[in-house]
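Since the structure comes first, as C-alpha cells, the remarks are kept for the end.
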Amino acid sequence: MKKIVFFLFALLAFACNSDDDNNDTVVCTEEVRVPLAVTVTDADSGALLTEGVTVLAVSGATSVNIPLLGDKFIGAPGANTYVVKVSAAGYADYTSAIQTQEFNECGVITNNMSVLLQPLVD
C-alpha cells in the first residue's frame with residue numbers, strides 16, 4: 001500500500017512539473033538595446049551619408065536630435081510615437097510615416113530604419 005501511495009505522489013509531482021501550455025521560455029540578455037537606429041544613404045550613388053546629416057525624432061512639440069555613432073544615427077526618441085526627419089545640404093528633406101516604439105518581455109525592440117536621400121537637381 002505504501003508503494004502505491006508513493007507512486008501516486010511521484011506521479012502527481014511529475015504531472016505538476018509539466019508545461020501543459022507549451023510556453024517557450026524567453027531568455028532575456030543584459031544587453032542594452034537602442035530604440036532607434038537610422039542609416040542614411042544617397043539614393044543615386046548608394047554612398048553612406050554621415051557628414052552634415054541631421055536626424056530628428058519628432059513627437060508633437062518635442063524634437064530629439066539623434067546623434068551619429070559610427071555609421072548610424074542611434075538614440076532614443078522623446079515619445080513612443082514619433083516621425084523621423086532627416087536633412088542634409090544638397091538633398092531633399094525626408095520625413096517618415098508615424099513610427100511606434102515596440103516592446104517585448106525583454107524591453108525595447110530596436111527600430112532599424114534605412115533612409116534614402118534624394119540629391120537636389122541643379
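Where does each of Val115, Val40 land when they are ranked from fewest to most other beta-carbon atoms within 10 angstrom?
Val115, Val40
Hey, what do the phi angles of segment 51-61 turn into as Karplus ³J(HN,Hα) couplings, whole Hz, using 6.51/-1.76/1.60 and θ = phi - 60°, x for Gly and Pro?
Per residue, the Karplus-derived 3J(HN,Hα) values read 5, x, 8, 10, 10, 10, 9, 10, 9, x, 8 Hz.
With a sphere of radius 14 Å drawn around the Cβ of Asp42, what net charge do the other residues whose Cβ falls strictly inside it have (Lys, Arg +1; Asp, Glu -1)?
-3
Test of understanding: what is the full-extension gain from Thr100 to Ser114, defined as 0.36 nm times their sequence separation minus their Cα-Cα distance?
Working it through step by step, the gained length comes to 3.4 nm.
Can you put Leu120, Leu68, Leu49, Leu36 in order, fewest other beta carbons within 10 Å first?
Ordered from fewest to most neighbouring Cβ atoms within 10 Å, Leu120, Leu68, Leu49, Leu36 come out as Leu120, Leu68, Leu49, Leu36.
So what J values fall out for segment 67-79 if you push phi through Karplus, 6.51 cos²θ - 1.76 cosθ + 1.60 with θ = phi - 60°, rounded to Hz, Gly and Pro as x?
So the J values, rounded to whole Hz, are x, 7, 9, x, 10, 10, 8, 10, x, 10, x, x, 8.
Choose one of Thr110, Thr62, Phe73: the residue whose Cα lies farthest towards the positive end of the charge dipole of segment 26-117 (beta-carbon charges +1 Lys, Arg; -1 Asp, Glu; about the Cα centre).
The Cα lying farthest towards the positive end belongs to Thr62.
Sort Tyr91, Tyr82 so that the residue with the fewest other Cβ atoms within 10 Å of its own Cβ comes first and the one with the most comes last.
Fewest-to-most ranking of Tyr91, Tyr82: Tyr91, Tyr82.
Based on the alpha carbons, how large is the Rg to Rh ratio for segment 26-117 when Rh follows Kirkwood?
1.00
Can you give me the relative contact order of segment 26-117 as a percent, contacts being Cα pairs under 8 Å and 6 or more apart?
Once divided by the residue count of segment 26-117, the mean separation gives 35 percent.
Mind checking the full-extension length gain between Glu51 and Ala76? Use 0.36 nm per residue of separation minus the Cα-Cα distance, one decimal, nm.
Taking 0.36 nm per residue and subtracting the Cα distance, the gain is 6.9 nm.
Since every read-out is calculated from the coordinates, none of them should be taken as a lab result. Values in this document were obtained by computation on a predicted structure and should not be read as measured data. Here Cβ is always computed from backbone atoms with ideal geometry, including for glycine, and neighbour counts include all displayed protein chains.
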